[in-house]
There are 2 protein chains.
Amino acid sequence: MSARAIPYRPHNHDACVSQALTDARAICQRQNARLTPIRERVLELIWQSHKPLGAYDVLGELSSDGHNAAPPTVYRALDFLQQHGLVHRIASLNAFIGCTHAGENHTGMFLICRGCGNVLELTAPAVSKEVGKAASDEGFRAENTTLEIAGLCPRCQAEPDHD
Amino acid sequence: MSARAIPYRPHNHDACVSQALTDARAICQRQNARLTPIRERVLELIWQSHKPLGAYDVLGELSSDGHNAAPPTVYRALDFLQQHGLVHRIASLNAFIGCTHAGENHTGMFLICRGCGNVLELTAPAVSKEVGKAASDEGFRAENTTLEIAGLCPRCQAEPDHD
DNA sequence: GCAAAATTTGAAACATTATAACATTTACAG
DNA sequence: CTGTAAATGTTATAATGTTTCAAATTTTGC
């Protein structure tokens, strides 16, 4: 998987999207999972930006497409994409974002800028290690970690209300 | 603040509750905040157990009390309690739980057992430190961390569907 | 190829969680 | 007391997510 641009910085976002879609197709093929037109379209919509998108935002975009969809359509597609590690749900925002580490076995950590709304996904092994240690110190078997950090990205620290 | 029992283990829970209420009164007094009857009652309800309680569960309990409350009443009380560090919202569950470190300046980390539903709140300085490091490596100014770990508590690993 | 089975999608209704807006009451300071 | 701010009541509505069952599509075994 190739290196990704920092969402807080201007970049060729079309490249992000097409890379994500290419990766997704490969991953689904490898897993014998069916990346149907609806699912692919939802993934593409989620990848429109590095800002998390709500399920009903996705629904709205689908409707603009002329696609007459109901909520379950979107939630099912999002479930599928989550299951295959292609999108993440940001619990603190009730919203979804494209996974920038698809295919890698990872525990995501999300830096959420309250200024511009962009989200950066990190893999921080040192954090995962300490989390695992803290859990096992309590005899707890960790299965799923939600780690979301709200704050200000570098750009918004300097100049607020960006992008 | 005194040591707390482990929620996964049987303990005298009434002591938890009354300690929490006593602490809350002291904290509010210190902060010149008004722990009104409604707010105190909501806090007590949240502390009924170590399982997170939804806002509408609280609402239901208030109604059983004979108190004719509407959603905003509960959400306002919960906002107040959160603001003063007396309860936490568990984003991954849309539910609320009493803070076991009220008064201490802390970043909570929650171990959520999917077996029994109990939640243990930890303070893990090593985790906080690594999280802070990971964020500042990206130039990100962290303001608020959500860290929720779903899994199985020691008791439920041995014997499922407990409590 | 073809029929049976499984998966995916459509569609309608509903459930849950949360907030907006404005009126009323209560607490408190002077 | 009385004016002001804080807290609560009340109604309505928004936002998010699920259940259920039917129809269509794809896959599989033959």
Problem set entry | Neighbouring partner chain Cβ atoms per residue of B:125-133, average, 10 Å criterion | 5
Seminar exercise, completed: Taking R0 as 22 Å and r as the Cβ-Cβ distance between A:TYR56 and B:ASN144, the FRET efficiency 1/(1 + (r/R0)^6), rounded to the nearest 0.05, comes to 0.35
Problem set entry | Cβ-placed point charges (K, R +1; D, E -1), dipole of the stretch A:81-162 about Cα centre in debye, nearest 20 | 60
Problem set entry | Karplus-derived 3J(HN,Hα), 6.51/-1.76/1.60, for each residue of the stretch A:73-85, Hz, glycine and proline x | 4, 5, 5, 5, 5, 5, 4, 4, 5, 5, 4, 9, x
For this session: Rounding to the nearest 20 debye, state how big the charge dipole of chain A is about its Cα centre with +1 on each Lys and Arg Cβ and -1 on each Asp and Glu Cβ.
Result: 320
Exercise. To one decimal place, what orientation-averaged projected area in nm² is obtained for the convex hull of the Cα set of the protein assembly as shown?
Worked result: 19.3
Seminar exercise, completed: Each residue of B:150-156 has, on average, a number of other protein chain C-beta atoms within 10 Å of its C-beta equal to 4
Exercise. With +1 on each Lys and Arg Cβ and -1 on each Asp and Glu Cβ, how big is the dipole of the protein assembly as shown about its Cα centre, in debye rounded to the nearest 20?
Worked result: 160
Seminar exercise, completed: Interchain or sequence-distant (5+) residues whose placed amide H lies within less than 5 Å of the amide H of B:VAL87 are B:GLN82, B:CYS99
Exercise. Expressed in nm², what is the orientationally averaged projection area of the convex hull enclosing the Cα positions of the stretch B:13-158?
Worked result: 10.1
Seminar exercise, completed: With DSSP loop assignment and no more than 16 other C-beta atoms within 10 Å, the GluC sites (Glu not before Pro) in the stretch A:38-129 are A:GLU104
For this session: Amide H neighbours of B:ASN118 under 5 Å, at least 5 residues apart or on other chains, H built in the peptide plane: list them.
Result: B:CYS113
For this session: Only helical DSSP H runs with n ≥ 4 go in: add -39500 (n - 2.57) per run for the protein assembly as shown, normalise by residue count and round the 222 nm mean residue ellipticity to 500 deg cm²/dmol.
Result: -13000 deg cm²/dmol
Exercise. To the nearest whole number, what is the average tally of beta carbon atoms from other chains within 10 Å of the beta carbons of peptide B:115-123?
Worked result: 1
For this session: Could I have the simple spin-label model distance between B:HIS11 and A:SER18, label points 7 Å from Cα toward Cβ, reported in nm to one decimal?
Result: 5.8
Problem set entry | Estimated vicinal HN-Hα couplings, Hz - the stretch A:101-117 in sequence order (Karplus 6.51, -1.76, 1.60; Gly, Pro = x) | 10, 4, x, 7, 7, 8, 10, x, 9, 10, 9, 10, 7, 7, x, 9, x
For this session: Note the distances from B:HIS11 to each other copy's matching label point, with points 7 Å along the Cα-to-beta-carbon direction, in nm, sorted shortest first.
Result: 4.5
Exercise. What is the local net charge at A:GLY151, summed over the other residues whose Cβ is closer than 9 Å to its Cβ (Lys, Arg +1; Asp, Glu -1)?
Worked result: +1
Seminar exercise, completed: For B:GLN82, inter-copy label-point distances (7 Å, Cα→Cβ), nm, shortest first, read 2.0
For this session: Mind jotting down the distance between the C-alpha centroids of the stretch A:88-137 and the stretch B:1-76, whole Å?
Result: 31
For this session: Could you list, by residue number, the cysteines of chain A that have no other cysteine's beta carbon within less than 4.7 Å of their beta carbon?
Result: A:CYS16, A:CYS28, A:CYS99, A:CYS116, A:CYS156
For this session: Report, for A:GLY66, each distance to the same residue's label point in the other copies, shortest first and in nm; define the point 7 Å along Cα→Cβ.
Result: 6.4
Problem set entry | Dipole of the stretch A:42-163, positive direction: furthest Cα of A:LEU120, A:ILE149, A:GLY54, with charges on the beta-carbon | A:ILE149
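Values in this text are rule-based calculations from the coordinates and carry no lab data. Only a predicted model underlies this, so the values are computations on that prediction, with no experimental measurement involved. Cβ sites come from the backbone with ideal geometry, for glycine too, and all protein chains shown count toward neighbours.
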